[in-house]
Amino acid sequence: MQLHKMSDPVPFYHLYGEHQALAEPGFVHLEDIASRSSGLHWEIAPHRHQQLTQFLLILDNRCQLTLDGQTFTASGNSLIVIPPGVVHGFVFAPDTKGFVMSVHNQLMTNLISASELTQLKATGSLWRYHLIDLDDTSAILTILKLIGSEINGANIDSAPALTHLLSLFLITIKRELSLQHLQTHPLSRETTLLLKFRSLLDAHFQQHLTVNDYAKRLFVSVSTLNRACQHILKVSPKYLIQQRVLTEAKRRLIYTRQNLEQVAATLGFKDQAYFCRFFKQHTELTALQFREHYELG
């Protein structure tokens, strides 16, 4: 799909096929992709909107798109954010399912934070275009359906309801963008690894797995896991494993009436003596001294 030559004016539309001279649309417009594109052989010619930010949700299908002269292919579940003024065109696969939501600049300005508004004034656009791959579309679909109900219904307080739903929609997009950043940024990959490590620790600390055991379950080397822990937390994986056991031991000594033998068994220790040696080595108090201190406190 070719964009217009630079000598040709790129048409401005309020919505697909609707010339700027037509009446101003509402602040929010939502429609399914098929309602516009099926009658146009699933192809939308390059165009742009002066006063609209558009959000295009494609569900489990492929779409070729051009954004400011660059060609992309979106596949699977995708969300595309198109700011005002960005030249965009689409070639959808036949019978593509999804939605297009258009939001007027005036409403977008009311929705964004003060810091983002400063960025908007400085750059002329809050958003650059974004292509976001979605693993889970349930949250965005739910919000869009609620927005559609408010637009098409005769509900009391529809305007504030729409404002809140759009705010939630934008928050959801920002979360997806943050997740996308986590998956690609080197430092953030380490953060993601540590979050997975913590989740495994919570699930398996009673089994007293080694650092090598955890690394295998995380599909990384021991050195990679150690580097992430040292880089971000300044401690070793072994230290984190020990601290997770100690944290649970302290909770049980303070908040339960289990005797030491029961605490040791719950935490996966072979016997009470081994647990007591472990606890004193890492806290400089015996388990009974620790319990008595907090009982007196």
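The values are calculated or read from the model by the stated rules, or taken from the named source; none is laboratory data. The model shown is predicted, which means the values in this text are computed figures rather than measured ones. FYI the Cβ positions are ideal-geometry reconstructions off the backbone, even for glycines, and counts take in every protein chain you see.
Go through segment 191-206 and give me each residue that's buried (at least 17 other Cβ atoms within 10 Å of the Cβ) and touching a residue at least 40 places away in the same chain (Cβ under 8 Å).
F197, L201, F205
Pairs under 6 Å by beta carbon, first residue in the same structural domain as I173 (by TED's automatic domain parsing) in segment 138-152, partner among the basic types (K, R), six or more apart or different chains?
Pairs found: none.
Return the only residue of L170, L193 being over 30 Å from I143 (Cβ atoms), aliphatic (A, V, I, L, M) and under 18 Å from the mean Cα position of the chain (by Cα). Spell out how you get there, then give the answer.
Working: L170 fails: over 30 Å from I143 (Cβ atoms).
Result: L193 is the single residue among L170, L193 that is over 30 Å from I143 (Cβ atoms), aliphatic (A, V, I, L, M) and under 18 Å from the mean Cα position of the chain (by Cα).
Under 7 Å between Cβ atoms, at least 6 apart or on separate chains: pull out the pairs that start in segment 168-180 with a residue that is touching a residue at least 12 places away in the same chain (Cβ under 8 Å) and end on any residue that is assigned to a helix (DSSP H, G or I) and not β-branched (V, I, T).
Note: pairs meeting the criteria are L170/L111; T172/A139.
Condition first: over 15 Å from Q281 (Cα atoms) and touching a Ser or Thr at 6+ places or on another chain (Cβ under 9 Å). Now tell me which residues in segment 239-255 satisfy that.
E248, R252
Evaluate segment 237-254: report whether one residue or more is modelled with pLDDT under 90, surrounded by fewer than 17 Cβ atoms within 10 Å (Cβ to Cβ) and out of contact with any Phe, Trp or Tyr (no Cβ under 9 Å at 6 or more places or on another chain).
Yes, that holds for at least one residue.
Is there any pair linking a residue in segment 260-281 that is closer than 15 Å to Q206 by Cβ and in contact (Cβ under 8 Å) with a residue 40 or more places away in the chain to one that is in a helix (DSSP H, G or I) and not aromatic (F, W, Y), with Cβ under 7 Å and at least six apart or on different chains, and which?
From residues that are closer than 15 Å to Q206 by Cβ and in contact (Cβ under 8 Å) with a residue 40 or more places away in the chain, the pairs are T266/R252; L267/Q206; L267/V245; L267/E248; L267/A249; G268/Q206; G268/Q207.
Within segment 207-220, identify whether any single residue is surrounded by 16 or more Cβ atoms within 10 Å (Cβ to Cβ), in contact with a helix residue (DSSP H, G or I) (Cβ under 7 Å, 6 or more places away or on another chain), in the same structural domain as T137 (by TED's automatic domain parsing) and modelled with pLDDT of 90 or more, and answer yes or no.
There is no residue in segment 207-220 that is surrounded by 16 or more Cβ atoms within 10 Å (Cβ to Cβ), in contact with a helix residue (DSSP H, G or I) (Cβ under 7 Å, 6 or more places away or on another chain), in the same structural domain as T137 (by TED's automatic domain parsing) and modelled with pLDDT of 90 or more.
Which residue out of I156, I173 is under 30 Å from D32 (Cβ atoms), surrounded by 15 or more Cβ atoms within 10 Å (Cβ to Cβ) and β-branched (V, I, T)? Even if it seems obvious, please write down each step before you answer.
Numbers: I156 fails: surrounded by 15 or more Cβ atoms within 10 Å (Cβ to Cβ).
Result: I173 is the single residue among I156, I173 that is under 30 Å from D32 (Cβ atoms), surrounded by 15 or more Cβ atoms within 10 Å (Cβ to Cβ) and β-branched (V, I, T).
Just give me the residues in segment 44-59 being under 28 Å from the mean Cα position of the chain (by Cα) and at pLDDT below 90, in sequence order.
R48, H49, Q51, L52, T53
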